[in-house]
Amino acid sequence: MVSNGQDMSVRGKVEQNGQIEKKGYTYTPGVEIKIVVAVVFLMAFGLIMIFSASSYTSSISRVTNYDSAYYFKKQLKVMALGVIIAAFLNWVPYKLIKKCGILAYVISLVLIVMLKTPLGINSGGATRWLNLGFMQLQVADATKVCMIVFMGWYVNRFWKEFDKFRYTLILWLLVALQAGLILKISSNLSSCLILMLMVFILTFIVGKHPKMHLIIAAVGIVMIVIFIMWLKANMPLDSEMDKYPYQIRRFFGWLDPERYAGTLGYQPLQSLYAIGSGGLLGKGLGNGTQKLSNIPEAQNDMIFAIICEELGLIGVIIMFLMFGYLLYQMVIVVKESRNIYASVVVIGVILHIIFQIIVNVCVAVNFFPNTGVSLPFISAGGSAIICTLMEIGLVIGIRRQQVNRKYSRIS
């Protein structure tokens, strides 16, 4: 409330035309709550779909102790831990987090190198997890969080010099080092590409060299087209697959899943069958059949196919609307931010979530090769949901602190 013509203070806020005005700044009210509501809805939706996708296979598996709710309970526990961490990050002053930019980069490097130690867990021919005792951490997930914090620090630190392209190039190289190590040590091509896309799009948004970005993007697209043409011209027999690296074999299965229907093309084909059979309204929650035996680990990377089969196009639209609602609220945080570091961090979180959604959905519909990327808040997985909730905690903390305090645009 304003009295005697005095300026509004931290404690004196008024709502006018749907916005909160404070010391010359305007803020849309309730954004933090809306973000929380969207995340809670997505996690609840994810828990329901995880139970539906895994209940049958869990009930007949000795690994899960014949417990049909095994993955549901496991995911619920992980979500609870993630919420606690997010709540903690919400209260940590983000100026303090900003000072940890270099530390975040070093921590990420250390975690990647630790994959080469006895703590590294090899699964499916790749070492992507660390055994921390109380949980298994997928290093690529933690690396993405660390890189978001680091990119925010870097852009904020060199903002006044960002008109010089070399500062953009240095940031690319620093992130590329981490992405390259992830690819080399853990054979995680998808996370490598997501990291590179994140830093590329982020510098396109906040940088001052759009023409250079467009030229590099055009060159990249041409190289991808040439690579795909080469793959199509050298499609091997199943018996010849061993001559190619694991990632290349995935591309062959993507290009012609019917040719490799018994091996690399099996999962993409089963996913397409599930999606196609769902129609407009789906078969009904719990009535899907592809999850019974045709799609392995349906509660993980291929959960989008189960959503399509059981809830149909309507269910998918509702899910996307809620993702869109969440992302829109975070865009408001960026638009109303008064601080370069805060803006870059939130943009990084937005890009990460968008790329995760795009890659997961495109893999399910066979637009992209099978990459093992989870659907945010929906897919089963420990470190993925914890790290994503950490990012949400950062966003909410930034918003709450900026509304309650006055920040300069560049600090």
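Taking the Cα centre of the stretch 217-364 as reference, the dipole from Cβ charges on Lys and Arg (+1) and Asp and Glu (-1) amounts to some 320 debye.
Among the helices of the chain (complete DSSP H runs), which have Cα atoms covering no less than 15 Å along the helix axis and a Kyte-Doolittle mean of at least -1.0? Walk me through the numbers before you get to the answer.
Numbers: long enough: 31-59 (41 Å, 1.74); 70-91 (33 Å, 0.87); 101-114 (20 Å, 2.76); 139-157 (26 Å, 0.81); 165-186 (31 Å, 1.58); 189-206 (26 Å, 2.81); 210-233 (35 Å, 1.97); 266-278 (19 Å, 0.02); 303-335 (38 Å, 2.05); 340-364 (36 Å, 2.44); 382-404 (33 Å, 0.83).
Taking the DSSP H segments of the chain (at least 15 Å long, mean hydropathy at least -1.0), we get 31-59, 70-91, 101-114, 139-157, 165-186, 189-206, 210-233, 266-278, 303-335, 340-364, 382-404.
Proximity of backbone amide H atoms, modeled 1.01 Å from N, is registered between GLY282 and GLY312, LEU313 at under 5 Å, excluding neighbours fewer than 5 places apart on the same chain. Using the 1.4 Å probe convention, the accessible area of the chain works out to 47 Å² per residue with neighbouring protein chains retained. Centre-to-centre separation between the Cα atoms of the stretch 330-382 and those of the stretch 177-193: 18 Å. A DSSP coil position with no more than 14 other Cβ atoms inside 10 Å describes the following trypsin sites (Lys or Arg not before Pro) in the stretch 322-411: ARG405, LYS406, ARG409. Protein heavy-atom surface of the chain, 1.4 angstrom probe: 66% of the accessible area is carbon and sulfur, with nucleic acids and ligands not counted.
In the neighborhood of THR263, defined by Cβ-to-Cβ distances under 14 Å, what is the net charge if each Lys or Arg adds +1 and each Asp or Glu adds -1?
Values: positive: ARG249, ARG250, ARG259; negative: ASP238, GLU240, ASP242, ASP256, GLU258.
Around THR263, the charge tally is -2.
All C-alpha pair distances within the stretch 214-312, sorted into 10 Å bins from zero, spread as 15, 34, 27, 21, 4 percent across the bins.
The simple Förster model, with R0 at 30 Å and r as the Cβ-Cβ distance, assigns CYS362 and ASN404 a FRET efficiency of 0.15.
What's the longest bit of the chain with no exposed chymotrypsin sites (Phe, Trp or Tyr not before Pro), using DSSP loop states and at most 12 other Cβ atoms within 10 Å as the test? Excluding the exposed sites themselves, the longest stretch runs over 135-366. Here is how the number arises for the chain: DSSP H runs of 4 or more residues each give -39500 (n - 2.57), the sum is divided by the residue count, and the result at 222 nm is -21500 deg cm²/dmol. Distant-in-sequence amide contacts of ARG128, defined by a placed amide H-H separation under 5 Å and a gap of 5 or more residues or a different chain, comprise ILE121, SER123.
The local environment of LEU109, defined by Cβ-Cβ distances under 15 Å, has a net charge of +3 under the rule Lys, Arg +1 and Asp, Glu -1. Based on Cα contacts under 8 Å between residues 6+ apart, the chain shows a relative contact order of 24 percent. Farthest toward the positive end of the dipole of the chain, out of VAL145, TYR105, VAL331, is the Cα of TYR105, where the dipole comes from beta carbon charges about the Cα centre.
If you average 1/r across every pair of different Cα atoms in the chain and take the reciprocal, what Kirkwood value do you get, in Å? Before the final figure, lay out each step's value.
On the way: mean 1/r = 0.0437 Å⁻¹.
The answer is 22.9 Å.
The values are calculated or read from the model by the stated rules, or taken from the named source; none is laboratory data. Model, not experiment: these values are computed from the prediction. Counting neighbours? That spans all protein chains shown, and the Cβs are built from the backbone with ideal geometry, glycine included. Each accessible area value is taken on the protein alone, full model and side chains, heavy atoms only, with ligands, DNA and RNA left out. Shrake-Rupley method; radii C 1.70, N 1.55, O 1.52, S 1.80 Å.
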